[in-house]
Amino acid sequence: QQPVQSPQAVILREGEDAVINCSSSKALYSVHWYRQKHGEAPVFLMILLKGGEQKGHDKISASFNEKKQQSSLYLTASQLSYSGTYFCGTRGDGGTSYGKLTFGQGTILTVHP
Amino acid sequence: ETGVTQSPTHLIKTRGQQVTLRCSSQSGHNTVSWYQQALGQGPQFIFQYYREEENGRGNFPPRFSGLQFPNYSSELNVNALELDDSALYLCASSLISSEKLFFGSGTQLSVL
């Protein structure tokens, strides 16, 4: 089943923070986060694995709550380049092949000067 | 850029026709996954190929088929095209042992 992302859209000013949530109804082994700009390929941001730690990359970090099957992506001090659609992709905890991700519907993030 | 290339970038077909989309994997990657992305939606898993065999399939009918070649490149074939097949088709390459996917820019298919 498709994970649910919230909010569906976020509008920010440069320098503001945002949180994007991803919630699944099934047990998860991993959560992946991608960003896609219009007309371009989804770009990998990070993976969070079951039993792993919270991850961070520059001003973007994420957490994974295995018990609640939820993940959150944190964007701090947003930059114009952060604009795009953010997708979470999940892999179930049942031997699913690595390439098979179930993606959420996406969160559109717009950063204004 | 990821090193994953797809061709063509855009394609227009009519209902009932057949189409072949192509994907070249990033160097060293042995696994290819195909996804369909409808407008405003997240990508949906079609299937994955490893060692030239299908290695997992999503909820797509048999008229969606694929091939993987010895050089790890891949094709997606869709027969008897329907209007709902209009979408962006994404190819992602990876190592079979890795969680990380590298996506190409996709082929935009329009079925009229």
Low-density loop positions, trypsin sites (Lys or Arg not before Pro), region B:22-112 - DSSP coil, at most 14 other Cβ in 10 Å: B:Arg51, B:Arg63, B:Lys100
Burial ordering of A:Leu101, B:Leu11, fewest other beta-carbon atoms within 10 Å first: B:Leu11, A:Leu101
Cα-Cα pairs of chain A separated by more than 19 Å (percent): 40
Members of A:Lys100/B:Lys100; A:Lys50/A:Lys100; A:Lys100/B:Lys13; A:Lys37/A:Lys68; A:Lys37/B:Lys13; A:Lys26/A:Lys100 lying beyond 18 Å, as alpha-carbon distances in this model show: A:Lys100/B:Lys13; A:Lys37/A:Lys68; A:Lys37/B:Lys13
P(r) histogram, all alpha-carbon pairs of region B:1-89 included - 5 Å bins from 0, percent: 3, 13, 25, 27, 20, 9, 3, 0
Listed residues B:Ser97, B:Ser86, B:Ser27, most fluctuating in chain B (Gaussian network, C-alpha, under 10 Å): B:Ser97
GNM result for chain A, Cα springs below 10 Å: residue of A:Gly39, A:Gly15, A:Gly84 fluctuating most strongly: A:Gly39
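In chain B, what percentage of the DSSP-assigned beta bridges are antiparallel, given to the nearest 5? Intermediate results must be reported in sequence, preceding the final value.
Details: 34 of 38 bridges.
Counting DSSP beta bridges with both partners in chain B, the antiparallel share is about 90 percent.
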Among A:Ser24, A:Ser71, A:Ser81: highest mean-square fluctuation, GNM of chain A, C-alpha pairs under 10 Å: A:Ser81
P(r) histogram, all alpha-carbon pairs of region A:59-113 included - 10 Å bins from 0, percent: 19, 44, 27, 9, 0
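Rg over Rh of the protein assembly as shown, using C-alpha atoms and the Kirkwood radius, what does it come to?
On the way: Rg = 17.3 Å, Rh = 17.9 Å.
Computed over Cα atoms, the ratio is 0.97.
Values quoted throughout were computed directly from the atomic coordinates according to the rules given, and no laboratory measurement underlies them. Note that this is a predicted model, so its numbers are computed, not measured. With ideal geometry, Cβ positions are generated from the backbone for all residues, glycine too; neighbour counts draw on all protein chains shown.
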